[in-house]
1. Considering only region 71-81, I want to know if a residue exists there that is more than 16 Å from Asn24 (Cβ to Cβ) and within 13 Å of the ligand (Cβ to nearest atom).
2. Which of the following residues is in contact with a strand residue (DSSP E or B) (Cβ under 6 Å, 6 or more places away or on another chain) and crowded, with 20+ Cβ neighbours inside 10 Å: Val72, Val89?
3. Residue by residue through region 113-127, note down the ones that are in contact with a Phe, Trp or Tyr (Cβ under 6 Å, 6 or more places away or on another chain) and either small (Gly, Ala, Ser) or near the ligand (Cβ under 8 Å from one of its atoms) (or both).
4. Considering only region 100-114, state which residues are over 17 Å from Tyr60 (Cα atoms), assigned to a loop (DSSP other than H, G, I, E, B) and in contact (Cβ under 8 Å) with a residue 12 or more places away in the chain.
5. Could you please give the count of residues in region 130-140 that are within 15 Å of the ligand (Cβ to nearest atom) and surrounded by 13 or more Cβ atoms within 10 Å (Cβ to Cβ)?
6. Report, ordered by the first and then the second residue, all pairs with beta carbons closer than 8 Å, sequence separation of six or more or different chains, a first member in region 61-84 that is closer than 13 Å to Gln46 by Cβ and at pLDDT below 95, and a second member that is crowded, with 21+ Cβ neighbours inside 10 Å and aliphatic (A, V, I, L, M).
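The values are calculated or read from the model by the stated rules, or taken from the named source; none is laboratory data. Being a predicted model, the structure only gives us computed values, none of them experimental. For neighbour counting, all protein chains shown are included, and Cβ atoms are generated from backbone atoms with ideal geometry for every residue, glycine included.
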Amino acid sequence: MATERTFSILKPDATRRNITGAVNALIEGAGLRIVGQRRIQMTKAQAEKFYEVHKERPFYGELVEFMTSGPVVVQVLQGENAVAKYREVMGATNPAQAAEGTIRKQFAESVGENTVHGSDSQENAKLEIAQFFQDSDLTA
Ligand code: PCG
């Protein structure tokens, strides 16, 4: 298994409740290293671009509105099998279906306000990382 990187967002429900440290503890506890991290206010244009694949979904407007409703923490996580490992640590998109011990089981409030985002493939991880970080921002 190779060391790889994935892209993560701690969403506005996490910054609002001041639980970013608690979420990071679960990330680091799973063996993932936070090699880049920045707290930002996403613009509407950034959120629309980031979630462009969901443009036709009925929840797209709500999703963009939520992601710009407060600060987020954008992160790059590195480790063995990081994409799959982070998806396991996050738990199912819908917190009602998330397994015990996962971030979403512990913290997520609903399918929309579900605390974290993680890339779904290595290819998307590269594209998503490039939207928010330069190579020189990342150091293991
Ligand atoms: P994420 O960030 O991994 O990628 C797409 C997001 O769409 C997903 O997490 C969910 O938060 C969000 N999402 C999926 N289904 C719904 C829904 O039915 N309503 C809302 N508001 N958001 C949804």
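1. No, region 71-81 contains no residue that is more than 16 Å from Asn24 (Cβ to Cβ) and within 13 Å of the ligand (Cβ to nearest atom).
2. Val72
3. If the condition is that a residue be in contact with a Phe, Trp or Tyr (Cβ under 6 Å, 6 or more places away or on another chain) and either small (Gly, Ala, Ser) or near the ligand (Cβ under 8 Å from one of its atoms) (or both), then Gly118, Ser119, Ala125 are the ones that fit.
4. Selection gives Thr102, Ala108, Glu109.
5. Counting residues in region 130-140 that are within 15 Å of the ligand (Cβ to nearest atom) and surrounded by 13 or more Cβ atoms within 10 Å (Cβ to Cβ) gives 1.
6. As it stands, the answer is none, since no pair meets every condition given.
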